[in-house]
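These notes concern the structure reproduced below.
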Amino acid sequence: MGNNDNNMTSLQRFQNLLRVLFQFDASDLDFGIYRILNYKREQIDKFITTDLVNRVEEAFAKHKSEKRENIEKELEEARDDLCNKLNNNVITPEGELKPEYKNTNIGQKYLNILARKREIENIDEIKNQVYNDLNNFFSRYYEEGDFIPQYRYSIKGHKYAIPYNGEEVKLYWANYDQYYIKTGMLFRDYTFKCNNHKVIFRIVAAKEELGSKKATKERFFVLDDETPLEFMDKENLMIRFQYRELSESEVKKYDVAGGSNSSKQEKINENIFNEVIKQIDNIYWKEPLSQKYKSDLALLQYQLNRFAAKNTKDYFIHKNLKKFLSEQLDYYIKNEVLD
C-alpha cells in the first residue's frame with residue numbers, strides 16, 4: 001500500500017485499498033473491463049472520497065445523537081438518585097464520584113453510566129476501528145493484483161472452507177463461480193502514431209542458449225538483443241521485443257527482485273524507454289517520443305505500458321460477488337469483530 005502507510009489515517013488506508021481494488025492505476029487502459037471501469041471512474045471516485053465518508057458520518061451522527069440523549073437522561077437520574085440516597089456532595093464539580101462512594105452499589109451504577117457516556121464521546125475512535133475492520137476485511141481477498149474470493153473460516157487447523165451441501169462428490173477450485181476473461185491476443189503487432197510517423201512493436205522469438213539458467217518463472221517483455229530498433233523507412237520505426245524469463249543479471253539490471261509482475265514490467269518498460277531514446281539520433285523521432293503524453297509519462301513509455309498490459313492483462317468476473325461478500329462480511333463481523 002506504499003511506504004507512507006503508517007502515516008495514513010484508517011480512512012485513508014481504506015480509501016487507498018479501494019482505489020487499488022478498482023484498478024485506478026490502470027486508468028490509461030481502454031479495453032475490456034478497464035474501459036468499463038474508466039466509464040464509471042468518476043462515480044467510483046466520488047463514492048470513495050465523498051459518499052463513503054458521508055454515509056459513515058450520518059450513521060454515527062444518528063447513533064451518537066440517540067445514544068447521547070438517552071445516556072444523558074440515565075446519568076441525570078443516577079446523579080439524582082445518589083444525591084437523594086446519600087448526600088449532595090458525593091459528586092465533584094467535574095462530575096467524578098468521590099472515592100469513598102465508588103464501592104457502593106448505587107455508586108457503581110453511576111460509574112458504569114458515566115463510562116458509557118465517555119465511550120460515546122470517543123466516537124471518533126470507534127469510527128477509526130470501523131475503517132480498520134473494513135480495510136482488513138477487503139484486504140484478505142486481494143493478493144498481488146487479483147481479487148481472490150476464498151471462503152475464510154477460523155476453524156482450528158483450517159484457514160478456508162468451501163460451500164458444501166452434503167453432496168457425495170464436490171468439485172471445487174480456487175476460481176470457482178468465476179468467469180475467466182482474457183483481454184487480448186498475444187504476439188500481435190502493436191502500432192501507434194508519432195506525429196506523422198508510425199511506430200510498430202513486434203514480438204520475436206527469443207534465442208536461448210542450451211543450459212542457460214533463468215532467475216524468474218514469469219515472462220516479461222524485453223528488447224530484442226539482436227535487432228531491437230529498425231527504421232523501415234523515414235516514416236516507420238520497428239521496435240522488436242522478446243517475451244521470456246529473465247536471467248539473474250537482468251533481474252539486477254531492471255531492479256525487479258520484488259513486487260508484482262505488473263510493477264516489474266513497468267520498471268522494465270522504463271529501462272526500455274531510456275535505451276530506445278538513447279539509440280535514436282534523429283531529433284524528429286526523439287523529441288515526440290520523449291514528450292509527456294498521459295499520466296506524466298512520455299508517449300513511448302505510455303505506449304510500452306499499454307502494449308504490455310494489453311498482451312498480458314486478464315481477469316475473472318464473479319457470478320455473484322455481492323452474495324459472496326455479504327455472506328463473508330456477516331461471518332467476519334460476528335466472529336472476528338464482535339467476538
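Coordinate-derived values only; no laboratory data. Just so it is clear, the structure is predicted and the values come from calculations on it, not from any experiment. Positions of Cβ are backbone-derived with ideal geometry, glycine not excepted, and every protein chain shown enters the neighbour counts.
Odds and ends about this structure:
- Approximating the spin labels as points 7 Å out from Cα along Cα→Cβ, the K322-to-F60 distance works out to 2.7 nm.
- Dimensions of segment 213-281 along the principal axes, based on C-alpha atoms and rounded to the nearest Å, stand at 40, 20, 18, largest first.
- Restricting attention to segment 190-312, close to 70% of DSSP beta bridges with both partner residues there are antiparallel.
- Amide H partners (placed H, <5 Å) of D224, local residues excluded: R240, F241, Q242
- 3J(HN,Hα) along segment 283-291: 5, 6, 9, 4, 5, x, 6, 8, 6 Hz, from the Karplus curve 6.51 cos²θ - 1.76 cosθ + 1.60 with θ = phi - 60°, whole Hz, x for Gly and Pro.
- Given K264/K292; K294/K319; K234/K310; K102/K334, the pairs whose alpha carbons are separated by over 31 Å: K294/K319; K102/K334
- Applying 1/(1 + (r/R0)^6) with r as the Cβ-Cβ distance of S262 and E119 and R0 = 45 angstrom yields a FRET efficiency of 0.55.
- Gain on full extension, evaluated as 0.36 nm per residue between E275 and K73 minus their Cα-Cα distance, stands at 65.3 nm.
- Taking amide H as placed 1.01 Å from N in the peptide plane, N236 has its amide H under 5 Å from the amide H of K198, each at least 5 places away in sequence or on another chain.
- Potential lengthening between T50 and F231 on full extension [0.36 nm per residue; Cα-Cα distance subtracted]: 60.1 nm
- Estimated FRET transfer efficiency (L329, I162; beta-carbon r; R0 22 Å; 0.05): 0.75
- Put the Cα centre of segment 232-267 next to the Cα centre of segment 103-121 and the gap is 65 Å.
- Rg over Rh for segment 190-312 works out to 0.97, using Cα positions for both radii and the Kirkwood form for Rh.
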